[in-house]
Amino acid sequence: MSNKEILGYIRLENKDIDANDIIQLENIGADGVFLADDSMPLDEERLIKLIKAVNEKSDMPLIVKRHYQRLEDVKKILYAGDTRVAMDVMSAADFRLMSEVSDRFGKEKIFAWIPSTQFLTNALASAVVENGAGACVIENQGIEPFNAYSLPLFPVCSHIQPETAASLFARENVCGIISSEFVSGQADPMALKYDLRHQGIQTNCFESSLPFSEFKLNSDGLIPVITQEYKTGKVLMLAYMNEEAFNETIRSGRMTYWSRSRQELWKKGDTSGHYQYVKSLDIDCDKDTLLAKVVQIGAACHTGNESCFYTNLVSKNYDTTNPMTIFDQVMETILHRRENPKEGSYTNYLFDKGIDKILKKVGEEATEIVIAAKNPDSDELKYEICDFLYHMMVLMAERDVSWKEITKELASRH
(Lines give C-alpha, C1' and ligand atoms only; values in the text may rest on other atoms or scores of the structure.)
Protein backbone atom coordinates (compact mmCIF):
# COMPACT_ATOMS: atom_id res chain seq x y z
CA MET A 1 0.00 0.00 0.00
CA SER A 2 1.46 3.38 -1.00
CA ASN A 3 1.72 6.18 1.54
CA LYS A 4 -1.09 8.72 1.79
CA GLU A 5 -0.09 12.21 0.67
CA ILE A 6 -0.63 15.59 2.35
CA LEU A 7 -0.47 18.52 -0.07
CA GLY A 8 -0.69 22.29 0.27
CA TYR A 9 -3.09 24.40 -1.82
CA ILE A 10 -2.06 27.76 -3.30
CA ARG A 11 -4.09 30.01 -5.58
CA LEU A 12 -1.81 32.07 -7.81
CA GLU A 13 -4.21 34.99 -8.05
CA ASN A 14 -2.30 36.06 -4.94
CA LYS A 15 0.55 37.96 -6.59
CA ASP A 16 2.61 37.91 -3.38
CA ILE A 17 3.21 34.15 -3.65
CA ASP A 18 6.82 33.31 -4.53
CA ALA A 19 9.03 30.22 -4.65
CA ASN A 20 9.99 30.52 -0.98
CA ASP A 21 6.34 30.21 0.08
CA ILE A 22 6.12 26.91 -1.78
CA ILE A 23 9.50 25.63 -0.60
CA GLN A 24 8.53 26.36 3.00
CA LEU A 25 5.70 23.85 2.62
CA GLU A 26 8.27 21.19 1.77
CA ASN A 27 10.31 22.19 4.82
CA ILE A 28 7.37 21.70 7.18
CA GLY A 29 6.46 18.31 5.74
CA ALA A 30 4.03 18.71 2.81
CA ASP A 31 4.38 16.02 0.14
CA GLY A 32 3.53 18.39 -2.69
CA VAL A 33 1.66 21.57 -3.63
CA PHE A 34 -1.45 22.07 -5.74
CA LEU A 35 -1.08 25.34 -7.67
CA ALA A 36 -4.33 26.76 -9.05
CA ASP A 37 -3.73 29.40 -11.72
CA ASP A 38 -7.10 30.78 -12.74
CA SER A 39 -5.85 34.30 -13.36
CA MET A 40 -7.22 36.03 -16.42
CA PRO A 41 -5.42 36.85 -18.56
CA LEU A 42 -3.03 34.01 -17.85
CA ASP A 43 0.48 35.09 -16.89
CA GLU A 44 2.32 32.10 -18.32
CA GLU A 45 5.79 33.63 -18.03
CA ARG A 46 5.36 34.26 -14.30
CA LEU A 47 4.08 30.74 -13.74
CA ILE A 48 6.96 29.09 -15.61
CA LYS A 49 9.53 31.17 -13.71
CA LEU A 50 7.87 30.23 -10.42
CA ILE A 51 7.97 26.51 -11.22
CA LYS A 52 11.61 26.70 -12.30
CA ALA A 53 12.56 28.62 -9.15
CA VAL A 54 10.90 25.98 -6.96
CA ASN A 55 12.52 23.14 -8.91
CA GLU A 56 15.95 24.76 -8.64
CA LYS A 57 15.82 25.12 -4.85
CA SER A 58 13.83 22.10 -3.72
CA ASP A 59 12.44 18.66 -4.56
CA MET A 60 8.82 19.68 -4.04
CA PRO A 61 6.42 18.03 -6.56
CA LEU A 62 3.79 20.38 -8.00
CA ILE A 63 0.33 19.81 -9.47
CA VAL A 64 -0.54 22.76 -11.70
CA LYS A 65 -4.17 23.48 -12.51
CA ARG A 66 -4.91 26.07 -15.20
CA HIS A 67 -6.99 26.52 -18.36
CA TYR A 68 -5.11 24.21 -20.75
CA GLN A 69 -6.17 24.52 -24.38
CA ARG A 70 -3.29 23.00 -26.34
CA LEU A 71 -0.71 20.26 -25.93
CA GLU A 72 1.93 22.99 -26.09
CA ASP A 73 0.45 24.61 -22.94
CA VAL A 74 0.79 21.34 -21.03
CA LYS A 75 4.31 20.65 -22.34
CA LYS A 76 5.58 23.97 -21.01
CA ILE A 77 4.39 23.12 -17.51
CA LEU A 78 5.69 19.54 -17.52
CA TYR A 79 9.07 20.59 -18.89
CA ALA A 80 9.45 23.39 -16.32
CA GLY A 81 10.13 21.08 -13.37
CA ASP A 82 8.87 18.23 -11.20
CA THR A 83 5.24 18.80 -12.12
CA ARG A 84 1.95 17.15 -12.96
CA VAL A 85 -1.06 18.88 -14.49
CA ALA A 86 -4.68 19.08 -13.35
CA MET A 87 -7.05 19.45 -16.29
CA ASP A 88 -10.65 20.71 -16.18
CA VAL A 89 -12.87 17.87 -17.44
CA MET A 90 -16.27 19.50 -17.13
CA SER A 91 -16.43 20.08 -20.88
CA ALA A 92 -16.19 17.23 -23.39
CA ALA A 93 -13.61 19.11 -25.45
CA ASP A 94 -11.06 18.71 -22.67
CA PHE A 95 -11.16 14.91 -22.93
CA ARG A 96 -9.48 15.02 -26.33
CA LEU A 97 -6.60 17.06 -24.97
CA MET A 98 -6.36 14.85 -21.87
CA SER A 99 -6.12 11.73 -24.02
CA GLU A 100 -3.41 13.34 -26.17
CA VAL A 101 -1.40 14.41 -23.11
CA SER A 102 -1.76 10.98 -21.49
CA ASP A 103 -0.53 9.22 -24.64
CA ARG A 104 2.47 11.55 -24.78
CA PHE A 105 3.50 11.78 -21.11
CA GLY A 106 1.74 8.92 -19.29
CA LYS A 107 -1.34 8.93 -17.05
CA GLU A 108 0.72 9.42 -13.89
CA LYS A 109 1.31 13.01 -15.07
CA ILE A 110 -2.40 13.77 -15.47
CA PHE A 111 -4.99 14.73 -12.85
CA ALA A 112 -8.59 15.46 -13.67
CA TRP A 113 -10.02 18.51 -11.89
CA ILE A 114 -13.67 18.59 -10.83
CA PRO A 115 -15.07 21.68 -9.05
CA SER A 116 -17.40 19.79 -6.73
CA THR A 117 -18.32 16.23 -5.73
CA GLN A 118 -21.87 16.89 -6.90
CA PHE A 119 -20.53 16.57 -10.46
CA LEU A 120 -18.74 13.28 -9.80
CA THR A 121 -20.81 10.51 -11.35
CA ASN A 122 -19.95 6.99 -12.43
CA ALA A 123 -20.11 8.12 -16.06
CA LEU A 124 -17.68 10.99 -15.48
CA ALA A 125 -15.32 8.81 -13.42
CA SER A 126 -15.30 6.21 -16.20
CA ALA A 127 -14.65 8.86 -18.87
CA VAL A 128 -11.77 10.30 -16.87
CA VAL A 129 -10.15 6.87 -16.51
CA GLU A 130 -10.72 5.96 -20.17
CA ASN A 131 -9.14 9.21 -21.34
CA GLY A 132 -5.95 8.74 -19.38
CA ALA A 133 -6.08 10.58 -16.05
CA GLY A 134 -4.21 8.87 -13.24
CA ALA A 135 -6.14 10.59 -10.43
CA CYS A 136 -8.77 13.22 -9.73
CA VAL A 137 -8.70 16.42 -7.64
CA ILE A 138 -12.13 17.31 -6.25
CA GLU A 139 -12.85 20.73 -4.77
CA ASN A 140 -15.76 21.63 -2.48
CA GLN A 141 -15.63 18.13 -1.07
CA GLY A 142 -18.80 17.24 0.75
CA ILE A 143 -20.89 14.54 -0.92
CA GLU A 144 -20.12 10.95 0.09
CA PRO A 145 -19.21 8.21 -0.42
CA PHE A 146 -15.98 8.33 -2.40
CA ASN A 147 -15.65 4.55 -2.44
CA ALA A 148 -18.18 4.33 -5.25
CA TYR A 149 -15.47 5.20 -7.76
CA SER A 150 -12.30 3.30 -8.62
CA LEU A 151 -10.49 6.49 -9.60
CA PRO A 152 -7.77 7.61 -7.11
CA LEU A 153 -9.05 10.79 -5.46
CA PHE A 154 -7.45 13.88 -3.89
CA PRO A 155 -10.19 15.88 -2.13
CA VAL A 156 -9.59 19.53 -1.27
CA CYS A 157 -10.40 20.18 2.41
CA SER A 158 -10.94 23.71 3.72
CA HIS A 159 -10.64 22.55 7.35
CA ILE A 160 -8.24 19.74 8.05
CA GLN A 161 -8.16 17.87 11.37
CA PRO A 162 -6.65 14.46 12.18
CA GLU A 163 -10.16 13.00 12.52
CA THR A 164 -11.22 14.42 9.12
CA ALA A 165 -8.07 13.14 7.45
CA ALA A 166 -8.38 9.70 9.05
CA SER A 167 -12.01 9.45 7.96
CA LEU A 168 -11.14 10.32 4.37
CA PHE A 169 -8.12 8.02 4.25
CA ALA A 170 -10.29 5.17 5.50
CA ARG A 171 -11.66 5.19 1.96
CA GLU A 172 -9.26 3.07 -0.05
CA ASN A 173 -9.22 5.24 -3.16
CA VAL A 174 -8.53 8.54 -1.34
CA CYS A 175 -4.78 8.81 -1.94
CA GLY A 176 -4.14 12.33 -0.71
CA ILE A 177 -5.63 15.43 0.89
CA ILE A 178 -5.10 19.01 -0.31
CA SER A 179 -5.56 21.97 2.03
CA SER A 180 -4.78 25.70 2.12
CA GLU A 181 -4.51 25.54 5.91
CA PHE A 182 -0.90 24.36 5.60
CA VAL A 183 -0.06 27.57 3.73
CA SER A 184 -1.80 29.82 6.25
CA GLY A 185 -0.14 28.06 9.18
CA GLN A 186 -3.45 26.84 10.60
CA ALA A 187 -2.31 23.23 10.29
CA ASP A 188 1.07 21.47 10.47
CA PRO A 189 1.47 18.77 7.78
CA MET A 190 4.23 16.93 9.62
CA ALA A 191 2.25 16.83 12.85
CA LEU A 192 -0.82 15.64 10.92
CA LYS A 193 1.14 12.87 9.23
CA TYR A 194 2.56 11.76 12.57
CA ASP A 195 -0.93 11.62 14.09
CA LEU A 196 -2.18 9.60 11.12
CA ARG A 197 0.75 7.20 11.38
CA HIS A 198 -0.25 6.47 15.00
CA GLN A 199 -3.73 5.64 13.70
CA GLY A 200 -2.25 3.03 11.38
CA ILE A 201 -2.39 5.16 8.21
CA GLN A 202 0.84 5.07 6.22
CA THR A 203 2.26 8.56 5.59
CA ASN A 204 5.59 10.04 4.55
CA CYS A 205 6.97 10.94 7.96
CA PHE A 206 10.28 10.22 9.64
CA GLU A 207 10.84 6.91 11.39
CA SER A 208 14.20 5.91 12.87
CA SER A 209 15.65 2.60 11.73
CA LEU A 210 17.22 2.16 15.19
CA PRO A 211 15.69 2.74 18.62
CA PHE A 212 17.33 5.38 20.82
CA SER A 213 18.15 2.63 23.34
CA GLU A 214 20.84 1.35 20.96
CA PHE A 215 22.68 4.68 20.89
CA LYS A 216 25.85 4.99 23.02
CA LEU A 217 25.40 8.06 25.22
CA ASN A 218 27.91 10.10 27.19
CA SER A 219 27.94 10.32 30.99
CA ASP A 220 25.13 12.92 30.87
CA GLY A 221 22.89 10.63 28.87
CA LEU A 222 23.37 12.68 25.69
CA ILE A 223 24.58 12.00 22.16
CA PRO A 224 26.49 14.66 20.16
CA VAL A 225 24.99 15.80 16.85
CA ILE A 226 27.03 17.29 14.01
CA THR A 227 24.76 19.39 11.80
CA GLN A 228 25.52 20.07 8.12
CA GLU A 229 23.83 22.08 5.38
CA TYR A 230 22.47 19.31 3.17
CA LYS A 231 23.46 20.73 -0.22
CA THR A 232 26.92 22.16 0.44
CA GLY A 233 27.98 19.78 3.21
CA LYS A 234 29.15 22.78 5.26
CA VAL A 235 29.37 21.98 8.97
CA LEU A 236 27.03 24.37 10.80
CA MET A 237 27.20 23.43 14.47
CA LEU A 238 27.64 20.78 17.14
CA ALA A 239 24.95 20.20 19.77
CA TYR A 240 23.49 17.38 21.87
CA MET A 241 20.30 15.33 22.07
CA ASN A 242 18.66 13.26 24.73
CA GLU A 243 15.92 10.78 23.91
CA GLU A 244 13.17 13.40 24.20
CA ALA A 245 14.97 15.76 21.81
CA PHE A 246 15.60 12.93 19.34
CA ASN A 247 11.95 11.84 19.38
CA GLU A 248 10.75 15.42 18.91
CA THR A 249 13.13 15.85 15.96
CA ILE A 250 11.69 12.71 14.35
CA ARG A 251 8.10 13.78 15.08
CA SER A 252 8.35 17.41 13.94
CA GLY A 253 11.01 17.19 11.21
CA ARG A 254 12.76 20.18 12.84
CA MET A 255 16.07 19.87 14.65
CA THR A 256 15.51 19.79 18.40
CA TYR A 257 18.41 19.61 20.83
CA TRP A 258 18.96 19.40 24.58
CA SER A 259 20.34 22.62 26.00
CA ARG A 260 23.00 21.70 28.55
CA SER A 261 23.13 25.23 29.94
CA ARG A 262 19.37 25.65 30.39
CA GLN A 263 18.62 21.96 31.00
CA GLU A 264 15.64 21.98 28.66
CA LEU A 265 14.56 21.08 25.14
CA TRP A 266 15.80 23.54 22.52
CA LYS A 267 14.05 23.58 19.17
CA LYS A 268 16.46 25.46 16.95
CA GLY A 269 14.70 28.54 15.55
CA ASP A 270 11.85 28.96 18.04
CA THR A 271 13.44 32.21 19.24
CA SER A 272 15.38 33.38 16.18
CA GLY A 273 13.21 31.97 13.38
CA HIS A 274 16.35 30.23 12.05
CA TYR A 275 14.85 26.75 11.93
CA GLN A 276 16.69 23.66 10.76
CA TYR A 277 14.51 21.31 8.71
CA VAL A 278 15.66 17.69 8.64
CA LYS A 279 16.72 16.08 5.38
CA SER A 280 18.43 13.05 6.92
CA LEU A 281 19.84 11.68 10.16
CA ASP A 282 22.72 9.19 10.24
CA ILE A 283 24.67 7.53 13.04
CA ASP A 284 28.38 6.63 13.01
CA CYS A 285 29.87 3.14 13.24
CA ASP A 286 30.21 3.31 17.04
CA LYS A 287 26.64 4.58 17.43
CA ASP A 288 27.89 7.44 19.61
CA THR A 289 27.53 10.43 17.21
CA LEU A 290 24.72 11.61 14.96
CA LEU A 291 25.10 13.43 11.64
CA ALA A 292 22.16 15.64 10.66
CA LYS A 293 21.78 17.08 7.18
CA VAL A 294 19.38 20.01 7.20
CA VAL A 295 17.88 22.95 5.39
CA GLN A 296 19.17 25.91 7.39
CA ILE A 297 16.99 28.99 7.52
CA GLY A 298 19.08 32.07 8.25
CA ALA A 299 22.23 31.68 10.33
CA ALA A 300 23.10 28.60 12.36
CA CYS A 301 25.23 30.49 14.89
CA HIS A 302 23.81 32.80 17.58
CA THR A 303 26.45 35.36 16.52
CA GLY A 304 24.75 35.71 13.13
CA ASN A 305 27.43 33.74 11.31
CA GLU A 306 26.38 31.04 8.85
CA SER A 307 28.33 28.44 10.82
CA CYS A 308 29.56 28.26 14.40
CA PHE A 309 32.97 27.26 12.99
CA TYR A 310 34.13 30.67 11.75
CA THR A 311 37.29 31.17 13.87
CA ASN A 312 40.41 29.77 12.24
CA LEU A 313 43.11 28.55 14.62
CA VAL A 314 45.72 27.17 12.25
CA SER A 315 45.88 26.39 8.53
CA LYS A 316 48.19 25.90 5.58
CA ASN A 317 47.71 26.88 1.98
CA TYR A 318 45.64 24.41 0.00
CA ASP A 319 43.33 24.40 -2.98
CA THR A 320 39.81 25.11 -1.68
CA THR A 321 38.15 24.64 -5.07
CA ASN A 322 35.32 22.13 -4.83
CA PRO A 323 34.65 20.57 -8.26
CA MET A 324 31.19 19.53 -7.04
CA THR A 325 30.04 23.10 -6.40
CA ILE A 326 32.05 25.33 -8.76
CA PHE A 327 29.44 25.27 -11.56
CA ASP A 328 26.75 26.33 -9.11
CA GLN A 329 28.97 29.12 -7.78
CA VAL A 330 29.75 30.49 -11.26
CA MET A 331 26.08 30.27 -12.23
CA GLU A 332 25.13 32.10 -9.05
CA THR A 333 27.51 34.93 -10.02
CA ILE A 334 26.06 35.10 -13.54
CA LEU A 335 22.49 35.20 -12.21
CA HIS A 336 23.47 37.89 -9.72
CA ARG A 337 24.87 40.00 -12.58
CA ARG A 338 21.62 39.54 -14.49
CA GLU A 339 19.55 40.74 -11.55
CA ASN A 340 22.05 43.38 -10.37
CA PRO A 341 23.81 44.85 -13.45
CA LYS A 342 27.31 46.21 -12.94
CA GLU A 343 28.85 48.82 -15.20
CA GLY A 344 31.68 47.40 -17.31
CA SER A 345 30.62 43.79 -16.68
CA TYR A 346 31.14 41.53 -19.71
CA THR A 347 28.31 39.31 -18.47
CA ASN A 348 25.92 42.27 -18.48
CA TYR A 349 27.21 43.23 -21.94
CA LEU A 350 26.11 39.80 -23.21
CA PHE A 351 22.71 40.03 -21.53
CA ASP A 352 22.19 43.53 -22.95
CA LYS A 353 23.04 42.36 -26.48
CA GLY A 354 20.56 39.52 -26.20
CA ILE A 355 20.17 35.93 -27.30
CA ASP A 356 21.68 36.28 -30.79
CA LYS A 357 24.95 37.65 -29.42
CA ILE A 358 25.10 34.95 -26.75
CA LEU A 359 24.47 32.21 -29.31
CA LYS A 360 27.15 33.66 -31.58
CA LYS A 361 29.69 33.51 -28.76
CA VAL A 362 28.70 29.93 -27.82
CA GLY A 363 29.20 28.91 -31.45
CA GLU A 364 32.56 30.68 -31.67
CA GLU A 365 33.83 29.10 -28.46
CA ALA A 366 32.71 25.64 -29.59
CA THR A 367 34.72 26.11 -32.77
CA GLU A 368 37.74 27.23 -30.72
CA ILE A 369 37.53 23.96 -28.78
CA VAL A 370 37.70 21.96 -32.01
CA ILE A 371 40.74 23.94 -33.18
CA ALA A 372 42.50 23.69 -29.82
CA ALA A 373 41.90 19.93 -29.67
CA LYS A 374 44.14 19.55 -32.76
CA ASN A 375 46.95 21.35 -30.92
CA PRO A 376 49.31 19.15 -28.86
CA ASP A 377 49.31 21.80 -26.10
CA SER A 378 46.49 20.70 -23.77
CA ASP A 379 46.59 24.02 -21.88
CA GLU A 380 45.01 25.78 -24.85
CA LEU A 381 42.19 23.22 -24.91
CA LYS A 382 41.64 23.78 -21.19
CA TYR A 383 41.28 27.53 -21.68
CA GLU A 384 38.87 27.15 -24.60
CA ILE A 385 36.69 24.68 -22.71
CA CYS A 386 36.46 27.17 -19.82
CA ASP A 387 35.48 29.96 -22.22
CA PHE A 388 32.82 27.74 -23.78
CA LEU A 389 31.41 26.65 -20.42
CA TYR A 390 31.16 30.27 -19.25
CA HIS A 391 29.28 31.36 -22.38
CA MET A 392 27.10 28.25 -22.19
CA MET A 393 26.15 29.19 -18.62
CA VAL A 394 25.24 32.71 -19.75
CA LEU A 395 23.00 31.07 -22.35
CA MET A 396 21.48 28.84 -19.66
CA ALA A 397 20.78 31.90 -17.50
CA GLU A 398 19.27 33.76 -20.46
CA ARG A 399 16.89 30.86 -21.12
CA ASP A 400 16.27 30.01 -17.45
CA VAL A 401 17.88 26.55 -17.56
CA SER A 402 19.55 25.44 -14.31
CA TRP A 403 22.32 22.99 -13.55
CA LYS A 404 19.83 20.98 -11.51
CA GLU A 405 17.72 20.47 -14.64
CA ILE A 406 20.77 19.48 -16.68
CA THR A 407 22.14 17.02 -14.11
CA LYS A 408 18.67 15.54 -13.56
CA GLU A 409 18.29 14.95 -17.28
CA LEU A 410 21.78 13.42 -17.52
CA ALA A 411 21.05 11.13 -14.57
CA SER A 412 17.84 9.93 -16.23
CA ARG A 413 19.86 8.72 -19.23
CA HIS A 414 22.02 6.28 -17.23
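Which percentage, to the nearest 5, of the DSSP beta bridges contained in the chain is antiparallel?
Rounded to the nearest five, the antiparallel share is 35 percent.
What number comes out for accessible area per residue over the chain if the probe is 1.4 Å? Units Å², please.
54 Å²
Taking a probe of 1.4 angstrom, what is the accessible area of residue 213 in Å², to the nearest 10?
Solvent-accessible area, nearest 10 Å²: 100 Å².
Quick one: P(r) of the chain from all Cα-Cα pairs, 20 Å bins, percents rounded to integers, in order of increasing distance.
Going out from 0 Å in 20 Å bins, the chain shows 21, 48, 28, 3 percent.
Can you tell me how region 121-252 classifies by the Cα gyration tensor, rounded, prolate or oblate, using a/c under 1.5 as the rounded cut?
Prolate, because a/c is 1.5 or more and a/b exceeds b/c.
Could you compute how much accessible surface residue 210 exposes when probed at 1.4 Å, giving the result in Å² to the nearest 10?
That residue has around 50 Å² of solvent-accessible surface.
Got the relative contact order for the chain handy, in percent, Cα pairs under 8 Å and 6 or more residues apart?
For the chain, the relative contact order is 11 percent.
Quick one: ranking 383, 230 by accessible area, 1.4 Å probe, largest first, what do you get?
Reading off the accessible areas and sorting them downward yields 383, 230.
At a 1.4 Å probe radius, carbon and sulfur cover how many percent of the accessible area of region 266-414?
Here it works out to 55 percent.
Could you work out [θ]222 nm for the chain from helices alone, using -39500 (n - 2.57) per DSSP H run of at least four and dividing by all its residues? Round to the nearest 500 deg cm²/dmol.
-11500 deg cm²/dmol
Can you send over the solvent-accessible area of residue 167, 1.4 Å probe, protein chains only, in Å² to the nearest 10?
My reading of the accessible area for residue 167 is about 60 Å².
Sort 129, 85, 330 by accessible area with a 1.4 Å probe, largest first.
Output order, biggest surface exposure first: 129, 330, 85.
List the cysteines in the chain whose Cβ has no other cysteine Cβ under 4.7 Å from it.
136, 157, 175, 205, 285, 386
For region 276-350, take N as its residue count and report Rg(C-alpha) divided by 2.2 N^0.38 Å.
For region 276-350, the normalised Cα radius of gyration is 1.61.
Helix check for the chain. Which DSSP H runs span at least 18 Å along their own axis by Cα, with a mean Kyte-Doolittle hydropathy no less than -0.5?
Those that pass (Cα extent of 18 Å or more, hydropathy at least -0.5) are 93-105, 326-339, 355-373, 378-398.
Ordered by packing density, taken as the mean number of other Cβ atoms within 10 Å over each peptide's residues, highest first, how do 118-124, 101-107 rank?
101-107, 118-124
When only the heavy atoms of the protein chains count and the probe is 1.4 Å, how do 347, 321 rank by accessible area, highest first?
The most accessible residue leads, giving 321, 347.
Listed highest first by mean packing, meaning other Cβ atoms within 10 Å per residue, what order do 197-205, 392-400 come in?
392-400, 197-205
Given 49/360; 357/408; 279/382; 234/408; 76/374; 75/404, which pairs have Cα atoms separated by over 30 Å?
Cα-Cα > 30 Å for 279/382; 76/374; rest within.
The values are calculated or read from the model by the stated rules, or taken from the named source; none is laboratory data. Here the structure is a predicted model, which is why all the values come from computation and not from measurement. Please note: Cβ atoms are built from the backbone with ideal geometry, for glycine as well, and neighbour counts cover all protein chains shown. The accessibility values were calculated without ligands, DNA or RNA, using every heavy atom of the protein model including side chains. Shrake-Rupley method; radii C 1.70, N 1.55, O 1.52, S 1.80 Å.
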